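The values are calculated or read from the model by the stated rules, or taken from the named source; none is laboratory data. Not measured: the values here are computed from a predicted model. Cβ: placed from backbone, ideal geometry, glycine included. Neighbour counts: every protein chain shown. Accessible surface is based on the protein model in full, side chains and every heavy atom, while ligands, DNA and RNA are left aside. Shrake-Rupley method; radii C 1.70, N 1.55, O 1.52, S 1.80 Å.
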Amino acid sequence: MRFIHHPDSLSHRPPTYLVRGEPRPVPEVPERATALAGQLRLRGVGLDIAPAYGPAPLTAVHTPDYVAFLETAHARWIAQPAASAAVIPNVHPFNRTPSYPTGIIGQVGYHVFDTAAPIVAGTWVAVRASADVAVHAAMVVANGEADAAYALCRPPGHHATRDGAGGFCYLNNAAIAGQSALPVLAARGMAPRIAILDVDLHHGNGTQDIFYDRDDVLMISVHADPDAFYPFFSGYRHERGCARGLGYTINRPLPLGTEETPFLEAVGASLADVARFGPSLLVLSLGFDTFIGDPMATFGVTTPGFGRLGAMIAQSGLPTVVVQEGGYCVDALPANLAAFLDGFEANRP
């Protein structure tokens, strides 16, 4: 397995977001990446720094207007009189129309769908670096250099839609990785078909949004029931894709409080769906916020449970790109990553 990161991912340090109407510190902090990288160094593995891949991988899944917005939003925002240091929306469109505002306040409301994605001075540098990490991991696996790669992406990405940020996410790393792999697979004579399995606590609404009408990408998400949990408006069982993509989105929402065994059983059922689809490559959106001690704690996965998860993913036998998503108990991240990697590496066919 190859391990990819980028030090620029530490440059994003958002301030607060709203939780039940109260400002709270954003738990998605640079120390998450530092803790995960520290565990990899303890294991003695090489950490590759991702090269820059330019804007093309980003605009392959996000709209050009959105990418341009992310790049310029902070500078445009702080140029206003009496503006806050962080870009946070104070207005949202009540529905989407063909009209697109030219002013920064309107664009922030248009593109940032909640308060949990503040844009600060270092955000663009970090999210670009995180996307490059995902692309490089995808390239390493898709071109056959390695059978698996771990992309230490930070900030995470699976809530980012085609043209929107939210839930600590700005660019959709898993979607960017998957889309980047497809032409490489085709050039090697392999079926240009991938599966994305999201096992983060929260539904991968952004990844679903990006691939909802496509049949070359199977998107499966195992997550907490959105009926009373973020992201609330997507992740229900009846959401199955549309047009050519009908049947290629599978959602497995689980009740709040789900323990480790039923969670892993849902992952097992999802891996059976992946096997039936027959992809050439698997992208795993890996969240550690299912951990029993996570501050988001609504699931009961233990540290050894992440070892079982790693073993299950390895036994799929597919070339695999692991993209880091959530997980906010910083002290437990090293042990949880170690357990996952131990399980994966010990069970790889």
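Side notes on the structure shown:
- Options Leu70, Leu36: the member that is of a type in the set (A, V, I, L, M, F, W, C), modelled with pLDDT of 95 or more and closer than 25 Å to Ile210 by Cα: Leu70
- Which numbered condition Tyr150 fails, given (1) open to solvent by less than 20 Å² (accessible area, probe 1.4 Å); (2) out of contact with any Ser or Thr (no Cβ under 6 Å at 6 or more places or on another chain); (3) over 21 Å from Ser285 (Cβ atoms): (3)
- Residues of segment 165-204 that turn out to be within 10 Å of the chain's Cα centre (by Cα) and among the polar types (S, T, N, Q), as a count: 2
- Phe277 farther than 21 Å from Ala134 by Cα, among the aromatic types (Phe, Trp, Tyr) and in contact (Cβ under 8 Å) with a residue 60 or more places away in the chain: yes
- Residue within segment 262-283 that is touching a His at 6+ places or on another chain (Cβ under 9 Å) and assigned to a loop (DSSP other than H, G, I, E, B) present: no
- Here Cys242 clears all of (1) among the hydrophobic types (A, V, I, L, M, F, W, C); (2) touching a Phe, Trp or Tyr at 6+ places or on another chain (Cβ under 8 Å); (3) surrounded by 14 or more Cβ atoms within 10 Å (Cβ to Cβ) except the condition numbered (3).
- Any hit, segment 297-311, residues being surrounded by 19 or more Cβ atoms within 10 Å (Cβ to Cβ) and assigned to a loop (DSSP other than H, G, I, E, B): yes
- Out of Arg20, Arg41, one residue alone is out of contact with any Phe, Trp or Tyr (no Cβ under 8 Å at 6 or more places or on another chain), of a type in the set (Lys, Arg) and within 21 Å of Ile119 (Cα to Cα). It is Arg20.
- The residues in segment 260-278 that are touching a helix residue (DSSP H, G or I) at 6+ places or on another chain (Cβ under 9 Å) and not β-branched (Val, Ile, Thr) can be counted, and the count is 5.
- One residue stands out among those in segment 89-119 that are touching a strand residue (DSSP E or B) at 6+ places or on another chain (Cβ under 8 Å) and surrounded by fewer than 20 Cβ atoms within 10 Å (Cβ to Cβ): the one that is nearest to Gly166 (Cα to Cα), which is Asp114.
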